[in-house]
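Down below is the structure, laid out as structure tokens.
The values are calculated or read from the model by the stated rules, or taken from the named source; none is laboratory data. On a predicted model such as this, the values are computed, not experimentally measured, just so you know. Note: ideal-geometry Cβ built from the backbone for every residue, glycine included; neighbour counts use all protein chains shown. Only protein heavy atoms, including side chains, enter the accessible area calculation; ligands, DNA and RNA are left aside. Shrake-Rupley method; radii C 1.70, N 1.55, O 1.52, S 1.80 Å.
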Amino acid sequence: MSQKLAILDAGAQYGKVIDRRVRELKVESDILPLTTPTHELKKYRAFIISGGPESVYGEQAPKYNPEIFSLGKPILGICYGLQLMNYVHGGTVLKKNKREDGPCRITINADSPLFQNLAPTQDVLMTHGDSADQVATSFKVTGDSDGLVAAIENPKKKMYGVQFHPEVDLTLHGKDILSNFLFSIAGFKGDFTMADREQLAVEYIQKTVGEQQVLLLISGGVDSTVCAALLGKALKPQQLHLVHIDHGFMRKNESAEVKKALSTFGLHVKVIDASDTFFNATTIMNGSISEKLSEATNAEVKRHIIGNTFIEVAKKAIADLDLDPDTTFLAQGTLRPDLIESASDKASSNAQKIKTHHNDSPLVRELRDKGRVVEPLQEYHKDEVRILGKQLGLPDEIVWRQPFPGPGLAIRTLCATKPYLEKYDRTYKKLQAFTTDQIAVTLLPVQTVGVQGDGRTYSYAVGLSGQSEWSTLRELALEIPKTIHDVNRVVYIFGEKISSPVKEITPTTLSESVVDQLRAADSIVNQILLKYDLMRSLSQVPVILLPLHFGHEGARSIAIRTFITNDFMTGVPALPGKEMPLEAVNEMVTRILEEVPGIARVMYDLTSKPPGTTEWE
């Protein structure tokens with residue numbers, strides 16, 4: 001019998017992570033649409049149905065082949081997959097008053113084959129609005145999350161469903177659950193060994209490019225540098241051209257340091273100062289010319305302008321290098337999470353767009369359609385790229401470099417000309433249920449990007465202020481988005497307690513002075529991360545400029561977003577006093593307020609992913 005698993009895609013943000021976890025367990029898998037014809041499904045030993053952003057009753061619910069459930073194959077339904085399984089067999093699914101987004105503690109039936117050898121209490125990641133209500137008569141409940149159905153099963157039909165995500169790091173024993181399904185229930189042998197991935201990547205480059213020229217836009221981060229090392233191994237030296245574009249939103253001294261670091265590795269990089277080009281760039285959005293980047297406030301507009309301007313500058317670089325624009329390939333260090341969040345059809349046919357990555361902009365997609373893009377890392381996650389980088393001989397200072405987004409500080413500056421006040425009073429009133437004598441809870445009049453129920457949200461951030469233990473603040477940050485659905489991010493605000501609503505902002509766009517303000521704060525944070533040797537233990541630490549003055553007219557605020565993750569699809573903040581030394585936090589706050597003019601408050605982001613993405617935009 002076949003030893004291959006089919007992962008049936010319902011639009012999950014974590015669909016590729018399922019594939020990766022299965023691969024780690026030495027089982028071969030393919031990601032297929034839910035509509036895959038029956039004759040193709042019969043080739044597989046078992047199925048996993050992924051999560052997804054839609055409701056089983058919704059008009060946009062993914063189409064599916066009903067034969068999935070009548071072939072007698074073992075099936076594991078995850079999140080939407082559980083709901084679909086329950087619905088197909090006569091159960092009901094409802095959008096209840098409570099949704100779950102983030103780490104949760106559930107109780108399970110340890111006698112279930114899916115949960116064998118596990119403790120009755122498990123820490124898992126939930127991200128859903130709909131929940132199974134009436135469970136199908138042929139199924140029984142095997143998991144509970146504070147009154148909501150967390151798992152169901154029908155062992156006779158070899159069908160199992162979990163409302164949580166066993167594929168992500170935040171489900172602490174998720175790999176054990178997947179192992180139980182694959183081996184004890186589905187009977188896989190676990191003998192699939194991936195061919196050497198470095199060699200596969202080299203062969204892919206050679207087959208794609210042939211004898212043509214390649215231009216790589218290299219940022220100096222681990223993704224583009226590993227991509228450069230692979231290209232250098234696969235191609236002749238005269239075929240490869242490395243260009244670093246300084247768009248004006250780099251960190252302090254970043255471009256010079258990138259060129260120096262790469263030259264020590266033997267990579268010659270041409271640096272192009274295109275800051276004026278980017279500041280004045282526009283793009284076409286919905287059939288109209290956008291405002292200039294320096295005047296834009298919408299996050300997606302900024303991302304589109306930056307992504308498309310990268311391509312325009314690259315085209316000029318191709319001309320300056322006297323290369324043929326019709327045959328030269330654009331190389332990118334694009335990762336699988338980038339494509340999933342951008343809703344690229346290269347990653348998922350059903351996933352919702354969370355944000356447009358600069359390496360998946362409309363112009364990049366046009367070039368892909370023409371077959372002019374080479375992306376040897378498109379099947380990789382960040383930690384896998386680091387492993388490959390070490391295998392290729394890259395030094396630790398590059399392999400473990402803190403990730404920095406292609407658009408740079410431009411998407412770490414929240415731009416707005418007026419406060420965001422939609423449903424403000426109603427949401428603020430709901431939040432007061434969490435206010436105590438020690439902690440004030442206030443709504444911040446800005447929007448931030450999140451992932452809730454496998455879909456994109458663009459919602460409020462909440463600020464906590466006053467005196468409390470960090471563990472208590474973290475519990476509030478977990479609980480608030482579960483009950484206040486218009487919130488996807490929670491921060492702690494240092495300084496005196498804020499007892500009244502915050503409804504005013506400092507109008508903010510991407511002027512040079514504004515970017516310099518953030519650049520200075522970002523430099524301070526990174527100096528302190530180096531001082532306390534936190535670069536490796538903290539996966540990423542974005543520093544964000546917010547248009548909030550808190551009564552200091554013309555001032556702005558800074559948010560520090562620590563993030564710990566392996567898969568870069570889910571993660572948690574570093575808790576001060578635990579993963580983050582209190583001395584380091586206090587030093588960051590003190591120095592930013594003392595050394596960066598015009599900063600009113602400093603905040604510490606306490607949000608897990610989900611419900612908040614790594615970046616704020």
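Over the chain, the pair-distance histogram of Cα-Cα distances with 10 Å bins from zero comes to 3, 16, 26, 26, 19, 9, 1, 0 percent, rounded to whole numbers.
Dipole size of the chain about its Cα centre, with +1 on Lys/Arg Cβ and -1 on Asp/Glu Cβ: approximately 1000 debye, rounded to the nearest 20. Ligands, DNA and RNA excluded, the heavy atoms of Trp400 present near 80 Å² of accessible surface to a 1.4 Å solvent probe.
Shown is the FRET efficiency for Lys156 and Ala433, computed with R0 = 60 Å from the Cβ-Cβ distance and rounded to the nearest 0.05: 0.85.
A DSSP coil position with no more than 16 other Cβ atoms inside 10 Å describes the following trypsin sites (Lys or Arg not before Pro) in the range 224-297: Lys252, Lys292.
The residue list Met603, Ser131, Val441 was ranked by how far each Cα lies along the charge dipole of the chain toward its positive end, using unit charges on Cβ atoms, and Ser131 comes out on top. Rolling a 1.4 Å probe over the heavy atoms of the protein chains gives the chain an accessible area of 38 Å² per residue. Of all aspartates and glutamates in the structure, the ones whose alpha carbon falls short of 14 Å from that of Lys423, not counting any fewer than 8 places away in one chain, are Asp486. A simple rule links phi to the HN-Hα coupling: the Karplus curve 6.51 cos²θ - 1.76 cosθ + 1.60 with θ = phi - 60°, which for the range 534-545 gives 10, 5, 8, 6, 9, 5, 7, 9, x, 10, 10, 9 Hz, with x for Gly and Pro.
A Förster radius of 41 Å, combined with the Cβ-Cβ distance separating Arg426 from Lys531, puts the computed FRET efficiency at roughly 0.40.
Backbone N atoms of the range 159-191 closer than 20 Å to the 7 Å Cα→Cβ label point of Gln3 belong to residues 178-191. Close amide H partners of Phe563, meaning residues 5 or more places away or on another chain with modelled amide H under 5 Å apart, are Ser539, Gln540, Ala574. Spacing of the modelled spin labels on Ile387 and Thr137, each 7 Å from Cα toward Cβ, amounts to 4.8 nm. Restricting attention to the chain, close to 55% of DSSP beta bridges with both partner residues there are antiparallel. In loop segments of the range 479-538 as defined by DSSP, the GluC sites (Glu not before Pro) with at most 13 further C-beta atoms inside 10 Å of their C-beta are Glu496.
In this simple spin-label model, placing a label point 7 Å from the Cα along the Cα-to-Cβ direction at both Leu200 and Ser288 gives a separation of 4.6 nm.
What's the FRET efficiency of Lys63 with Thr327 using the Cβ-Cβ distance as r and R₀ = 51 Å, to the nearest 0.05? List each step's numbers first, then the result.
Numbers: r = 39 Å, r/R0 = 0.77.
For R0 = 51 Å, the calculated efficiency reads 0.80.
Under 5 Å from the amide H of Gly77 lie the amide H atoms of Ile49, Tyr160, Gly161, Val162, each residue being 5 or more positions distant or on a separate chain, with H modelled from the backbone and absent for Pro and chain starts.
For the residue pairs Lys140/Lys175; Lys26/Lys175; Lys390/Lys578; Lys63/Lys609; Lys207/Lys259, the C-alpha atoms sit more than 19 angstrom apart in Lys140/Lys175; Lys390/Lys578; Lys63/Lys609; Lys207/Lys259. What helices does the chain have that are whole DSSP H segments, at least 24 Å long along their own axis by Cα, and with mean Kyte-Doolittle hydropathy of -1.0 or more? Length and hydropathy pass: 299-320, 512-531. A Cβ-based charge dipole, computed about the Cα centre of the range 22-144 with Lys and Arg at +1 and Asp and Glu at -1, lands at about 180 debye.
Each part reduced to its alpha carbon centroid, the range 387-404 and the range 1-54 end up 31 Å apart.
Taking the accessible area of the range 49-89, probe 1.4 Å, and keeping the other protein chains in place, the carbon and sulfur fraction comes to 44%. Net charge around His241, counting only other residues with Cβ within less than 14 Å of its Cβ (Lys, Arg = +1; Asp, Glu = -1)? Neighbourhood net charge equals +1. Over the range 121-201, the Kirkwood radius and the radius of gyration, each from Cα atoms, give a ratio Rg/Rh of 1.08. For Glu469, the solvent-accessible surface computed with a 1.4 Å probe is close to 130 Å², ligands and nucleic acids excluded. Approximating the spin labels as points 7 Å out from Cα along Cα→Cβ, the Asp273-to-Lys95 distance works out to 5.2 nm.
Here Val214 sits with roughly 0 square angstrom of accessible surface, probe radius 1.4 Å. The distance separating the Cα centre of the range 214-286 from that of the range 70-86 comes to 45 Å.
For Arg489, the amide hydrogen comes within under 5 Å of the amide hydrogens of Val462, counting only partners 5 or more places away or on other chains and with H modelled in the peptide plane.
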